[in-house]
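Asks: Below you will find the structure I want to go over with you.
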Amino acid sequence: MRIVVVGAGGVGGYFGTRLAVAGHDVTFVARGRHLAAIQEHGLVVRSPLGEFRSTAPAVQTVADAGPADLVLVAVKLWDTEDVMAQLGATGARVLSLQNGVAKDDVLRAHVPAESVLGGACYISAGIQEPGVVTHFGGLQSLVFGEFDGRPSAFTDELLAACVDAGIDARVSAAITRVTWEKFVFLVGISATTAAVRQPIGVIRANTRTRELLRDVMTEVLAVGRAAGVDLSDDFVTERLAFVDTLPADMAASMYHDLERGSRLELPWLSGGVVSLGERLGVPTPRNRTIADVLAPYELGPVQRSGA
Ligand SMILES: NC(=O)C1=CN([C@@H]2O[C@H](COP(=O)(O)OP(=O)(O)OC[C@H]3O[C@@H](n4cnc5c(N)ncnc54)[C@H](OP(=O)(O)O)[C@@H]3O)[C@@H](O)[C@H]2O)C=CC1
Ligand SMILES: CC(C)(CO)C(=O)C(=O)O
(Lines give C-alpha, C1' and ligand atoms only; values in the text may rest on other atoms or scores of the structure.)
(Ligands and ions follow the chains in the order given, each with its own letter.)
Protein backbone atom coordinates (compact mmCIF):
# COMPACT_ATOMS: atom_id res chain seq x y z
CA MET A 1 0.00 0.00 0.00
CA ARG A 2 1.49 3.40 -1.03
CA ILE A 3 0.76 5.86 1.74
CA VAL A 4 1.13 9.62 1.42
CA VAL A 5 1.08 11.45 4.76
CA VAL A 6 0.13 15.11 4.39
CA GLY A 7 1.40 17.01 7.42
CA ALA A 8 4.40 15.45 9.15
CA GLY A 9 3.75 16.99 12.59
CA GLY A 10 2.77 15.35 15.87
CA VAL A 11 0.17 13.02 14.36
CA GLY A 12 1.34 12.50 10.75
CA GLY A 13 5.00 12.41 11.74
CA TYR A 14 4.41 9.83 14.46
CA PHE A 15 2.14 7.40 12.59
CA GLY A 16 3.93 7.90 9.24
CA THR A 17 7.33 7.22 10.79
CA ARG A 18 6.12 4.07 12.56
CA LEU A 19 4.73 2.77 9.24
CA ALA A 20 7.89 3.73 7.31
CA VAL A 21 10.26 2.20 9.87
CA ALA A 22 8.32 -1.06 9.59
CA GLY A 23 9.07 -1.07 5.85
CA HIS A 24 5.83 0.34 4.44
CA ASP A 25 5.87 2.66 1.44
CA VAL A 26 5.41 6.13 2.96
CA THR A 27 5.97 9.61 1.51
CA PHE A 28 5.61 12.72 3.66
CA VAL A 29 4.25 16.03 2.40
CA ALA A 30 5.76 18.76 4.55
CA ARG A 31 6.83 22.38 4.27
CA GLY A 32 9.30 25.01 5.42
CA ARG A 33 12.21 24.20 7.75
CA HIS A 34 10.58 20.93 8.78
CA LEU A 35 10.60 19.74 5.14
CA ALA A 36 14.23 20.78 4.69
CA ALA A 37 15.29 18.95 7.88
CA ILE A 38 13.40 15.78 6.92
CA GLN A 39 14.95 15.83 3.45
CA GLU A 40 18.41 16.20 4.97
CA HIS A 41 18.29 13.90 8.01
CA GLY A 42 15.03 11.92 7.82
CA LEU A 43 12.24 12.29 10.36
CA VAL A 44 13.01 11.33 13.96
CA VAL A 45 10.32 10.37 16.47
CA ARG A 46 11.31 10.43 20.15
CA SER A 47 8.86 8.35 22.11
CA PRO A 48 8.72 6.46 25.39
CA LEU A 49 8.37 3.45 23.06
CA GLY A 50 11.80 4.13 21.53
CA GLU A 51 13.48 6.40 19.01
CA PHE A 52 12.35 5.88 15.42
CA ARG A 53 14.10 7.40 12.37
CA SER A 54 12.38 7.29 9.01
CA THR A 55 14.23 7.77 5.75
CA ALA A 56 10.97 7.99 3.81
CA PRO A 57 10.98 10.70 1.12
CA ALA A 58 9.50 14.11 1.89
CA VAL A 59 8.09 16.44 -0.77
CA GLN A 60 6.38 19.81 -0.87
CA THR A 61 3.03 19.04 -2.49
CA VAL A 62 0.64 16.13 -2.81
CA ALA A 63 1.26 16.14 -6.58
CA ASP A 64 5.02 15.76 -5.99
CA ALA A 65 4.32 12.64 -3.93
CA GLY A 66 3.01 10.77 -6.99
CA PRO A 67 0.25 8.14 -6.98
CA ALA A 68 -1.03 6.80 -3.67
CA ASP A 69 -3.40 4.13 -2.43
CA LEU A 70 -4.02 6.08 0.77
CA VAL A 71 -3.65 9.75 1.68
CA LEU A 72 -3.48 10.37 5.43
CA VAL A 73 -4.51 13.94 6.24
CA ALA A 74 -2.76 15.23 9.38
CA VAL A 75 -2.62 19.01 9.08
CA LYS A 76 -4.34 21.43 11.46
CA LEU A 77 -8.00 21.93 10.56
CA TRP A 78 -7.55 25.37 8.98
CA ASP A 79 -5.17 23.86 6.38
CA THR A 80 -7.55 21.08 5.24
CA GLU A 81 -9.12 22.95 2.30
CA ASP A 82 -5.70 23.82 0.96
CA VAL A 83 -4.46 20.26 1.12
CA MET A 84 -7.64 18.80 -0.36
CA ALA A 85 -7.53 21.27 -3.24
CA GLN A 86 -4.07 19.82 -4.08
CA LEU A 87 -5.39 16.28 -4.02
CA GLY A 88 -7.48 16.42 -7.22
CA ALA A 89 -8.71 13.21 -8.81
CA THR A 90 -6.03 10.80 -7.59
CA GLY A 91 -8.40 7.90 -6.95
CA ALA A 92 -6.70 7.32 -3.58
CA ARG A 93 -8.62 6.55 -0.40
CA VAL A 94 -8.41 9.46 2.05
CA LEU A 95 -8.32 9.18 5.85
CA SER A 96 -8.23 12.24 8.07
CA LEU A 97 -6.61 11.75 11.48
CA GLN A 98 -7.59 15.27 12.46
CA ASN A 99 -9.78 16.20 15.38
CA GLY A 100 -13.38 17.30 15.11
CA VAL A 101 -16.59 16.10 13.51
CA ALA A 102 -16.63 18.37 10.46
CA LYS A 103 -13.36 17.17 8.89
CA ASP A 104 -14.86 14.42 6.73
CA ASP A 105 -17.43 16.78 5.19
CA VAL A 106 -14.52 18.96 4.07
CA LEU A 107 -12.86 15.90 2.50
CA ARG A 108 -16.11 14.91 0.75
CA ALA A 109 -16.37 18.37 -0.79
CA HIS A 110 -13.20 17.56 -2.76
CA VAL A 111 -13.18 13.80 -3.43
CA PRO A 112 -15.92 11.20 -4.04
CA ALA A 113 -17.67 10.29 -0.77
CA GLU A 114 -16.84 6.60 -1.20
CA SER A 115 -13.10 7.31 -1.16
CA VAL A 116 -13.27 8.81 2.35
CA LEU A 117 -12.56 6.54 5.32
CA GLY A 118 -13.59 7.60 8.81
CA GLY A 119 -11.07 7.65 11.59
CA ALA A 120 -9.79 9.02 14.87
CA CYS A 121 -6.50 8.83 16.68
CA TYR A 122 -5.47 9.05 20.33
CA ILE A 123 -1.95 10.35 20.84
CA SER A 124 -0.12 13.29 22.38
CA ALA A 125 2.71 14.40 20.10
CA GLY A 126 4.21 17.50 18.53
CA ILE A 127 7.09 18.91 16.50
CA GLN A 128 9.96 19.53 18.92
CA GLU A 129 12.28 21.09 16.32
CA PRO A 130 12.48 20.81 12.52
CA GLY A 131 12.82 17.13 11.65
CA VAL A 132 11.98 15.89 15.17
CA VAL A 133 8.62 14.82 16.60
CA THR A 134 8.18 14.08 20.30
CA HIS A 135 5.59 11.60 21.51
CA PHE A 136 4.41 12.09 25.12
CA GLY A 137 3.07 9.15 27.13
CA GLY A 138 2.37 5.72 25.70
CA LEU A 139 -1.01 6.36 24.05
CA GLN A 140 -0.82 5.89 20.23
CA SER A 141 -4.03 4.39 18.97
CA LEU A 142 -5.79 4.57 15.65
CA VAL A 143 -9.38 3.60 14.81
CA PHE A 144 -10.69 3.70 11.24
CA GLY A 145 -13.48 2.21 9.18
CA GLU A 146 -15.76 2.42 6.18
CA PHE A 147 -18.69 4.79 6.75
CA ASP A 148 -21.16 2.07 5.73
CA GLY A 149 -19.78 -0.09 8.56
CA ARG A 150 -18.83 -2.98 6.29
CA PRO A 151 -15.44 -4.65 6.56
CA SER A 152 -13.36 -4.10 3.42
CA ALA A 153 -10.18 -5.49 1.92
CA PHE A 154 -8.76 -1.96 2.17
CA THR A 155 -9.32 -1.55 5.92
CA ASP A 156 -8.03 -5.10 6.48
CA GLU A 157 -4.84 -4.27 4.60
CA LEU A 158 -4.38 -0.97 6.42
CA LEU A 159 -4.99 -2.65 9.78
CA ALA A 160 -2.37 -5.29 9.00
CA ALA A 161 0.16 -2.56 8.10
CA CYS A 162 -0.54 -0.66 11.33
CA VAL A 163 -0.35 -3.73 13.55
CA ASP A 164 2.87 -4.76 11.83
CA ALA A 165 4.23 -1.26 12.60
CA GLY A 166 3.43 -1.56 16.31
CA ILE A 167 0.50 0.87 16.18
CA ASP A 168 -2.42 0.11 18.49
CA ALA A 169 -5.01 0.02 15.68
CA ARG A 170 -8.48 -1.34 15.13
CA VAL A 171 -11.23 -1.22 12.53
CA SER A 172 -14.65 -0.01 13.66
CA ALA A 173 -18.03 -0.82 12.13
CA ALA A 174 -19.41 2.35 13.75
CA ILE A 175 -16.86 4.97 12.78
CA THR A 176 -19.21 7.96 13.01
CA ARG A 177 -19.93 7.11 16.65
CA VAL A 178 -16.22 6.54 17.32
CA THR A 179 -15.42 9.98 15.86
CA TRP A 180 -18.04 11.61 18.06
CA GLU A 181 -16.81 9.73 21.13
CA LYS A 182 -13.34 11.13 20.47
CA PHE A 183 -14.92 14.57 20.01
CA VAL A 184 -16.69 14.41 23.40
CA PHE A 185 -13.42 13.54 25.15
CA LEU A 186 -11.23 15.89 23.12
CA VAL A 187 -13.47 18.94 23.53
CA GLY A 188 -13.58 18.19 27.27
CA ILE A 189 -9.85 18.04 27.74
CA SER A 190 -8.94 20.75 25.21
CA ALA A 191 -11.47 23.19 26.73
CA THR A 192 -10.39 22.61 30.32
CA THR A 193 -6.62 22.29 29.93
CA ALA A 194 -6.48 25.36 27.68
CA ALA A 195 -8.85 27.56 29.70
CA VAL A 196 -7.29 26.66 33.07
CA ARG A 197 -3.79 26.49 31.50
CA GLN A 198 -2.96 23.34 33.42
CA PRO A 199 -2.52 19.69 32.43
CA ILE A 200 -5.18 17.08 33.05
CA GLY A 201 -3.82 16.04 36.49
CA VAL A 202 -4.75 19.45 37.91
CA ILE A 203 -8.13 19.56 36.15
CA ARG A 204 -9.28 16.16 37.39
CA ALA A 205 -8.06 16.69 40.97
CA ASN A 206 -9.93 19.94 41.57
CA THR A 207 -13.65 19.48 42.27
CA ARG A 208 -14.75 22.52 40.27
CA THR A 209 -12.57 21.96 37.19
CA ARG A 210 -13.52 18.26 37.23
CA GLU A 211 -17.18 19.35 37.21
CA LEU A 212 -16.40 21.77 34.36
CA LEU A 213 -14.86 18.89 32.40
CA ARG A 214 -17.96 16.77 33.02
CA ASP A 215 -20.31 19.59 31.97
CA VAL A 216 -18.36 20.37 28.77
CA MET A 217 -18.42 16.70 27.75
CA THR A 218 -22.12 16.38 28.67
CA GLU A 219 -22.97 19.29 26.35
CA VAL A 220 -21.01 17.75 23.47
CA LEU A 221 -22.76 14.45 24.04
CA ALA A 222 -26.17 16.18 23.96
CA VAL A 223 -25.28 17.90 20.67
CA GLY A 224 -24.10 14.60 19.18
CA ARG A 225 -27.32 12.90 20.15
CA ALA A 226 -29.37 15.74 18.67
CA ALA A 227 -27.35 15.19 15.47
CA GLY A 228 -28.55 11.58 15.49
CA VAL A 229 -25.41 9.86 16.80
CA ASP A 230 -25.94 6.86 19.05
CA LEU A 231 -23.96 7.94 22.14
CA SER A 232 -24.66 6.05 25.35
CA ASP A 233 -26.00 7.62 28.57
CA ASP A 234 -23.00 6.64 30.66
CA PHE A 235 -20.35 7.68 28.13
CA VAL A 236 -19.33 10.85 30.01
CA THR A 237 -18.90 8.93 33.28
CA GLU A 238 -16.90 6.29 31.42
CA ARG A 239 -14.66 8.98 29.84
CA LEU A 240 -14.08 10.60 33.23
CA ALA A 241 -12.86 7.21 34.47
CA PHE A 242 -10.56 7.06 31.40
CA VAL A 243 -9.29 10.58 32.18
CA ASP A 244 -8.28 9.28 35.62
CA THR A 245 -5.93 6.79 33.94
CA LEU A 246 -4.07 9.42 31.87
CA PRO A 247 -0.61 10.66 32.86
CA ALA A 248 -1.08 13.70 35.14
CA ASP A 249 1.09 15.91 32.90
CA MET A 250 -0.89 15.19 29.74
CA ALA A 251 -2.69 18.09 28.07
CA ALA A 252 -4.58 18.53 24.82
CA SER A 253 -2.84 19.67 21.63
CA MET A 254 -4.83 22.92 21.86
CA TYR A 255 -3.26 23.59 25.29
CA HIS A 256 0.22 23.15 23.75
CA ASP A 257 -0.76 25.42 20.83
CA LEU A 258 -1.94 28.07 23.31
CA GLU A 259 1.26 27.82 25.38
CA ARG A 260 3.35 28.19 22.18
CA GLY A 261 1.31 31.20 21.05
CA SER A 262 0.15 29.27 17.97
CA ARG A 263 -3.22 29.44 16.27
CA LEU A 264 -5.97 27.37 17.97
CA GLU A 265 -8.47 24.85 16.57
CA LEU A 266 -11.02 26.39 18.96
CA PRO A 267 -13.61 27.24 16.24
CA TRP A 268 -13.88 23.51 15.43
CA LEU A 269 -13.82 22.33 19.08
CA SER A 270 -15.79 24.24 21.76
CA GLY A 271 -16.64 26.87 19.11
CA GLY A 272 -17.92 24.14 16.80
CA VAL A 273 -20.04 22.68 19.61
CA VAL A 274 -21.68 26.09 20.17
CA SER A 275 -22.50 26.50 16.45
CA LEU A 276 -23.86 22.97 16.13
CA GLY A 277 -25.82 23.38 19.37
CA GLU A 278 -27.43 26.57 18.02
CA ARG A 279 -28.42 24.79 14.82
CA LEU A 280 -29.88 21.80 16.69
CA GLY A 281 -31.50 23.73 19.56
CA VAL A 282 -29.17 22.35 22.26
CA PRO A 283 -27.91 24.81 24.92
CA THR A 284 -24.11 24.77 25.32
CA PRO A 285 -23.34 27.49 27.93
CA ARG A 286 -20.13 25.93 29.27
CA ASN A 287 -18.63 25.50 25.79
CA ARG A 288 -19.75 29.02 24.86
CA THR A 289 -17.90 30.47 27.84
CA ILE A 290 -14.76 28.50 26.96
CA ALA A 291 -14.98 29.64 23.31
CA ASP A 292 -15.47 33.28 24.44
CA VAL A 293 -12.65 33.22 27.02
CA LEU A 294 -10.16 31.77 24.54
CA ALA A 295 -11.36 33.82 21.53
CA PRO A 296 -8.58 36.46 21.82
CA TYR A 297 -5.97 33.69 21.37
CA GLU A 298 -7.64 32.01 18.41
CA LEU A 299 -5.30 33.40 15.78
CA GLY A 300 -2.13 33.31 17.88
CA PRO A 301 -0.51 35.95 20.05
CA VAL A 302 -2.86 38.68 21.35
CA GLN A 303 -2.22 42.18 19.96
CA ARG A 304 -2.76 44.39 23.05
CA SER A 305 -2.20 47.62 21.16
CA GLY A 306 -5.05 46.93 18.72
CA ALA A 307 -7.86 47.97 21.14
N1 LIG B 1 -0.84 16.70 18.32
C2 LIG B 1 -1.61 15.80 18.90
O3 LIG B 1 -1.24 15.25 19.94
C4 LIG B 1 -2.91 15.43 18.29
C5 LIG B 1 -3.44 16.16 17.23
N6 LIG B 1 -4.60 15.73 16.65
C7 LIG B 1 -5.16 16.44 15.50
O8 LIG B 1 -4.37 16.13 14.35
C9 LIG B 1 -4.34 17.24 13.45
C10 LIG B 1 -2.88 17.60 13.19
O11 LIG B 1 -2.36 18.11 14.41
P12 LIG B 1 -0.81 18.11 14.77
O13 LIG B 1 -0.18 16.87 14.31
O14 LIG B 1 -0.73 18.50 16.17
O15 LIG B 1 -0.31 19.32 13.85
P16 LIG B 1 1.18 19.86 13.64
O17 LIG B 1 1.09 21.34 13.58
O18 LIG B 1 2.09 19.21 14.62
O19 LIG B 1 1.56 19.27 12.22
C20 LIG B 1 0.94 19.67 11.04
C21 LIG B 1 2.05 19.85 10.02
O22 LIG B 1 1.45 19.98 8.74
C23 LIG B 1 2.11 21.04 8.08
N24 LIG B 1 1.28 21.52 6.98
C25 LIG B 1 0.15 22.25 7.03
N26 LIG B 1 -0.31 22.48 5.79
C27 LIG B 1 0.56 21.89 4.95
C28 LIG B 1 0.63 21.81 3.55
N29 LIG B 1 -0.28 22.37 2.75
N30 LIG B 1 1.67 21.14 2.99
C31 LIG B 1 2.61 20.58 3.76
N32 LIG B 1 2.60 20.62 5.11
C33 LIG B 1 1.57 21.28 5.70
C34 LIG B 1 2.37 22.05 9.17
O35 LIG B 1 3.29 23.02 8.75
P36 LIG B 1 3.31 24.48 9.48
O37 LIG B 1 3.89 24.24 10.85
O38 LIG B 1 4.17 25.28 8.57
O39 LIG B 1 1.90 24.95 9.56
C40 LIG B 1 2.88 21.11 10.25
O41 LIG B 1 4.23 20.79 10.06
C42 LIG B 1 -5.15 18.34 14.13
O43 LIG B 1 -6.47 18.34 13.66
C44 LIG B 1 -5.11 17.97 15.61
O45 LIG B 1 -6.21 18.43 16.33
C46 LIG B 1 -5.25 14.59 17.02
C47 LIG B 1 -4.76 13.85 18.07
C48 LIG B 1 -3.60 14.24 18.82
C1 LIG C 1 -6.80 14.50 23.66
C2 LIG C 1 -5.79 14.00 22.69
C3 LIG C 1 -4.42 14.10 23.28
C4 LIG C 1 -6.05 12.53 22.47
O5 LIG C 1 -5.52 12.07 21.32
C6 LIG C 1 -5.93 14.77 21.41
O7 LIG C 1 -6.50 14.30 20.46
C8 LIG C 1 -5.41 16.14 21.27
O9 LIG C 1 -4.86 16.69 22.22
O10 LIG C 1 -5.56 16.72 20.18
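Asks: What does the helix-only formula give at 222 nm for the chain: each DSSP H stretch with n ≥ 4 adding -39500 (n - 2.57), the total divided by the residues, and the result rounded to the nearest 500 deg cm²/dmol?
Replies: -13500 deg cm²/dmol
Asks: With everything on Cα atoms, drop me the angle between helix 285-294 and the longest principal axis of the chain, reported from 0 to 90° to the nearest 10.
Replies: So the helix axis and the longest Cα principal axis differ by about 60 degrees.
Asks: Still on this model: To the nearest 0.05, how large is the calculated FRET efficiency for SER141 and VAL302 if R₀ is 30 Å and r is the Cβ-Cβ distance?
Replies: With R0 = 30 Å, the Cβ-Cβ based efficiency is 0.30.
Asks: Here is a further query. Please give me the summed charge of the neighbours of ALA113: other residues whose Cβ is under 12 Å from its Cβ, Lys and Arg +1, Asp and Glu -1.
Replies: -3
Asks: Quick one: which of 244-250, 233-239, 140-146 comes out on top by average Cβ neighbours within 10 Å, and what's the full order, highest first?
Replies: Top of the packing list down: 140-146, 233-239, 244-250.
Asks: Enter the angle in degrees (range 0 to 90, nearest 10) between the Cα long axis of helix 32-41 and the first principal axis of the Cα atoms of the chain, meaning the one along which they spread out most.
Replies: It is inclined by approximately 50 degrees.
Asks: Okay, moving on. Give me the net charge of SER152's neighbourhood, meaning all other residues with Cβ under 15 Å from the Cβ of SER152; Lys, Arg count +1, Asp, Glu -1.
Replies: With Lys, Arg at +1 and Asp, Glu at -1, the net is -3.
Asks: Something else now. Given the whole protein assembly as supplied and a 1.4 Å probe, what does the accessible area of MET1 come to in Å², nearest 10?
Replies: 50 Å²
Asks: State, as an integer percentage, the relative contact order of the chain based on alpha-carbon contacts under 8 Å between residues 6 or more apart.
Replies: 14 percent
Asks: Going by a ≥ b ≥ c, the root eigenvalues of the Cα gyration tensor, does the range 2-173 fall in the rounded group (a/c under 1.5), the prolate group (a/b larger than b/c) or the oblate group?
Replies: oblate
Asks: What list of ³J(HN,Hα) couplings, whole Hz, do you get for the range 236-253 from phi and the Karplus terms 6.51, -1.76, 1.60, once you set θ to phi - 60° and write x for glycine and proline?
Replies: So the Karplus estimates, Gly and Pro as x, are 5, 4, 5, 5, 5, 5, 5, 4, 5, 8, 6, x, 4, 8, 6, 9, 6, 4 Hz.
Asks: Based on the mean of other Cβ atoms within 10 Å per residue, sort peptides 47-55, 15-23, 112-120 so the most packed one is first.
Replies: 15-23, 112-120, 47-55
Asks: Could you tell me whether the range 231-279 comes out rounded, prolate or oblate from its Cα gyration tensor? Rule is a ≥ b ≥ c as square roots of the eigenvalues, rounded for a/c under 1.5, then prolate if a/b exceeds b/c, otherwise oblate.
Replies: Since a/c reaches 1.5 but b/c is at least a/b, the shape of the range 231-279 is classed as oblate.
Asks: Using a probe radius of 1.4 Å on heavy atoms only, what accessible surface per residue do you get for the chain? Whole Å² is fine.
Replies: 44 Å²
Asks: I need to check one value: relative contact order of the range 2-173, counting alpha carbon pairs closer than 8 Å and at least 6 residues apart, in percent.
Replies: 24 percent
Asks: Tell me the relative contact order for the range 193-271 as a rounded percent, counting alpha carbon contacts under 8 Å between residues six or more apart.
Replies: So the answer I get is 41 percent.
Asks: Please report, as a whole percent, how much of the solvent-accessible surface of the chain comes from carbon and sulfur atoms (probe radius 1.4 Å).
Replies: That fraction is 51 percent.
Asks: Take the eigenvalues of the Cα gyration tensor for the chain, scale each by 5, and report the square roots as semi-axes in whole Å, largest first.
Replies: 30, 22, 19
Asks: I would also like to ask the following. Considering the convex hull of the alpha carbon atoms of the range 133-200, report its projected area averaged over all viewing directions, in nm², one decimal.
Replies: Computing the convex hull of the Cα atoms and averaging its projections yields 5.7 nm².
Asks: Specify the inter-centroid distance of the range 1-75 and the range 110-127, based on alpha-carbon positions, in whole Å.
Replies: Taking the Cα centre of the range 110-127 as reference, the centre of the range 1-75 is 15 Å away.
Asks: Can you list the equivalent-ellipsoid semi-axes of the range 217-303, largest first and in whole Å, using the square root of 5 times each Cα gyration tensor eigenvalue?
Replies: In descending order, the three semi-axes are 24, 19, 9 Å.
The values are calculated or read from the model by the stated rules, or taken from the named source; none is laboratory data. Please read all numbers here as calculations on a predicted model, not as lab measurements. Note that we place each Cβ from the backbone using ideal geometry, even for glycine, and neighbour counts take in every protein chain shown. Quick note on the areas: whole protein, heavy atoms, side chains included, nothing else; ligands and nucleic acids left out. Shrake-Rupley method; radii C 1.70, N 1.55, O 1.52, S 1.80 Å.
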